[in-house]
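**Student:** Please see the structure below; I have some questions.
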Amino acid sequence: MKLTSTISNLSTISRVVAATVLAGFLGACGGGGSSSPSSGPTPVTGPTISIFAGMTTPGGYVDGAATKAQFNLPQGLANDPQGDLFVADTANYTIRKITNGVVSTFAGTPGQAGSADGMGTGAQFAGPWMMASDSAGNLYVTDQAVNATAAVIRKITPAGQVTTLKDASTGLAIQTDGGGAIAVDGSGNVYVFTSTPSQSSVLAQITPAGVVNLISLTSASGGGALALVNPQGIAVDSSNNIYVSDDDLNANAGVLYKIALNGTAGVATTLAGTTAISGATDGPGNVATFSGLDALTLDSSGNVFASDFNNSTIREISPAGGVSTVAGVAGQTNLQTGPLPATLPDIGGLLWTGGALYATDIDDNVVLSIGPLQ
C-alpha cells in the first residue's frame, strides 16, 4: 500500500521489534488420520499455505536455516534466473536472499538505516520496500524512509553492487509518488508511479539509459484520458503489457487495468473491479469487487494474482477478467496454514515462480508458500 498504510504496519510491528521472526519451510503435510491405526495420516493432495521461511514471532534478525531465520516487516519479493528468492526486509534495512533453504544477507547493513551505495552489506537502505528483477538477475528496489514522502529506486547487480537510479536529464535520483510499486519489462525498462505538478500519480517508464518517460493513459472503452486515482501495484507480462491496480482515495475498493503500450502512450482496458464500490465479490470483471487492491504478480498463463489487502485475501484474475479467491477468507485476519483457502493476515508482496505463489506476511514476519497452483 501507499506510505500511510506502510507506516501504520511498521509502527504496529515496531512495538515488538526486539523479539523474533520467521520459521521455515513446511511442505504439504498430512491431513487427519484414518480409523485404522496402522494406515497413517491421509496425505493432502491439494494446494496449501505453508511457511517457507521465518518464525511467526515479532520482528528480529537472524540468518541461517530458513526454519530459524528472522525477519522484520518483510515486504517485496523477487527471484533470479538461478531460482534464488529475495526479500525486502524493510525494518532491518536489508535485502535477504534464500537459497536452498538458507537465508543470508545480500545487501544492506542490518539495523542501520541510510542511503549509501556500495557493495553488498557495505550499502545502506532507508527502508527497502517492493522489488522486481530483470532477466539478467538485477534487482530493483523502491527504498523509502518512514517519514519520507517519496521513494528512490536502488539497483542491485547479481554481484551485490548497489546504486541509485538517476534521471539522465537532471542527474538527480528518480523519485516515486510515495508508493513502492515497481516492475521491469523484457527490455529492462523499469516502471514506477511518480508525481507531476498536475497529477499525484503517473505511470513512468525508466529506460536502461536513465531516460524517464511519462506514460499518458487513455481508456479503451471511451478513448478519453484516464487518470489514476491511488495506484498500488504494477506487473508486466511476457508481451510487455502492463497491469496496474488502482484504489479509491481511501485505499479501498479496487480496479485492475491492463495497459497496452505504444511508445509513451498506453491504452487501458479494465479487467475487473471498480474504484467506486468496495467489497469481496468473485465473478466476471464488471461484477467483481475488491477492498484495497495492492501487490500484483503474473503466472506463465497470464493470470494475475493480487493482494486484496483489506480483505486479507489473494485474488486471481484470469486473462478474460474472471475473478476468484485463491487464498484467505474475507474478514478473517489470522494466519492459518494448511489446505486452501485457509486464512491470511496482511500480505505485503507477491511472487509467482515454479508453479506456486510466495507472499510476505507483514504481521507475522514470515514468507509464505501457496501451492501448487498448476
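The values are calculated or read from the model by the stated rules, or taken from the named source; none is laboratory data. Because the structure is a prediction, the values reported are computed rather than measured. All Cβ positions, even for glycine, are placed from backbone atoms using ideal geometry, and neighbour counts span all protein chains on display. We work out accessible area using only protein heavy atoms, side chains counted, and drop any ligands, DNA or RNA first. Shrake-Rupley method; radii C 1.70, N 1.55, O 1.52, S 1.80 Å.
**Student:** Restricting to the stretch 220-240, and then to whatever is out of contact with any strand residue (DSSP E or B) (no Cβ under 6 Å at 6 or more places or on another chain) and touching a residue at least 12 places away in the same chain (Cβ under 8 Å), can you tell me which residue is nearest to Leu165 (Cα to Cα)?
**Tutor:** The qualifying residue nearest to Leu165 (Cα to Cα) is Asn240.
**Student:** Evaluate the following for Ala260: is it assigned to a strand (DSSP E or B), among the small types (Gly, Ala, Ser) and open to solvent by 20 Å² or more (accessible area, probe 1.4 Å)?
**Tutor:** When the stated conditions are applied, Ala260 passes them.
**Student:** Right, here's the next one. Considering every residue within the stretch 179-196, establish whether at least one is farther than 18 Å from Pro81 by Cα and open to solvent by 30 Å² or more (accessible area, probe 1.4 Å).
**Tutor:** yes
**Student:** While we're here: What's the number of the only condition in (1) closer than 24 Å to Asp237 by Cα; (2) among the acidic types (Asp, Glu); (3) within 15 Å of the chain's Cα centre (by Cα) that Asp361 fails to meet?
**Tutor:** Against the list (1) closer than 24 Å to Asp237 by Cα; (2) among the acidic types (Asp, Glu); (3) within 15 Å of the chain's Cα centre (by Cα), Asp361 comes up short only on (1).
**Student:** Considering only residues that are within 22 Å of Asp89 (Cα to Cα) and of a type outside the set (Asp, Glu), which ones fall in the stretch 338-356?
**Tutor:** Passing the criteria: Leu344, Pro345, Ile347, Gly348, Gly349, Leu350, Leu351, Trp352, Thr353, Ala356.
**Student:** For residues that are open to solvent by 10 Å² or more (accessible area, probe 1.4 Å) and either closer than 13 Å to Gly180 by Cβ or outside any strand (DSSP E or B) (or both), tally how many sit in the stretch 78-89.
**Tutor:** Summing the residues that are open to solvent by 10 Å² or more (accessible area, probe 1.4 Å) and either closer than 13 Å to Gly180 by Cβ or outside any strand (DSSP E or B) (or both) in the stretch 78-89 gives 5.
**Student:** Tally up the residues in the stretch 353-363 that are buried (at least 23 other Cβ atoms within 10 Å of the Cβ) and farther than 16 Å from Val103 by Cβ, please.
**Tutor:** 3
**Student:** Additional query: Quickly run through the stretch 309-347 and pick out the residues that are within 20 Å of Leu73 (Cβ to Cβ) and assigned to a strand (DSSP E or B).
**Tutor:** Matches in the stretch 309-347: Ile314, Ile347.
**Student:** Considering only residues that are hydroxyl-bearing (Ser, Thr, Tyr) and buried (at least 24 other Cβ atoms within 10 Å of the Cβ), which ones fall in the stretch 90-108?
**Tutor:** If the condition is that a residue be hydroxyl-bearing (Ser, Thr, Tyr) and buried (at least 24 other Cβ atoms within 10 Å of the Cβ), then Thr90, Tyr93, Thr94 are the ones that fit.
**Student:** Sticking with this one: Given (1) surrounded by 18 or more Cβ atoms within 10 Å (Cβ to Cβ); (2) over 12 Å from Gly233 (Cα atoms); (3) of a type in the set (A, V, I, L, M, F, W, C), where does Val255 come up short, assuming only one miss?
**Tutor:** Unmet for Val255, out of (1) surrounded by 18 or more Cβ atoms within 10 Å (Cβ to Cβ); (2) over 12 Å from Gly233 (Cα atoms); (3) of a type in the set (A, V, I, L, M, F, W, C): (2).
**Student:** Restricted to the stretch 173-215, and to residues that are among the hydroxyl-bearing types (Ser, Thr, Tyr) and under 14 Å from Leu261 (Cβ atoms), which residue is modelled with the lowest pLDDT?
**Tutor:** Ser187
**Student:** Which condition number in (1) at pLDDT below 95; (2) over 29 Å from Val184 (Cα atoms) is the one that Ala65 fails?
**Tutor:** Ala65 satisfies every listed condition except (1).
**Student:** Which residue is least open to solvent (accessible area, probe 1.4 Å), if the candidates are limited to the stretch 283-300 and must be aliphatic (A, V, I, L, M) and in a loop (DSSP other than H, G, I, E, B)?
**Tutor:** Ala288
**Student:** Filter the stretch 67-122 down to the residues that are under 18 Å from Thr157 (Cβ atoms), charged (D, E, K, R) and touching a residue at least 40 places away in the same chain (Cβ under 8 Å) and list them by number.
**Tutor:** Passing the criteria: Asp80, Asp117.
**Student:** Is it true that Leu350 is aliphatic (A, V, I, L, M), part of a loop (DSSP other than H, G, I, E, B) and either in contact (Cβ under 8 Å) with a residue 12 or more places away in the chain or surrounded by 18 or more Cβ atoms within 10 Å (Cβ to Cβ) (or both)?
**Tutor:** no
**Student:** Here is a follow-up. Please determine, by comparing only the residues of the stretch 115-151 that are assigned to a strand (DSSP E or B) and within 14 Å of Thr90 (Cα to Cα), which one is most open to solvent (accessible area, probe 1.4 Å).
**Tutor:** In this case the residue turns out to be Met130.
**Student:** Continuing with this model, one more query. Considering only residues that are in contact with a helix residue (DSSP H, G or I) (Cβ under 9 Å, 6 or more places away or on another chain) and over 19 Å from Phe71 (Cα atoms), which ones fall in the stretch 113-149? Spell out how you get there, then give the answer.
**Tutor:** First pass over the stretch 113-149, keeping only residues in contact with a helix residue (DSSP H, G or I) (Cβ under 9 Å, 6 or more places away or on another chain): 116, 125, 127-129, 144, 146-149.
Selection gives Ala116, Asn147, Ala148, Thr149.
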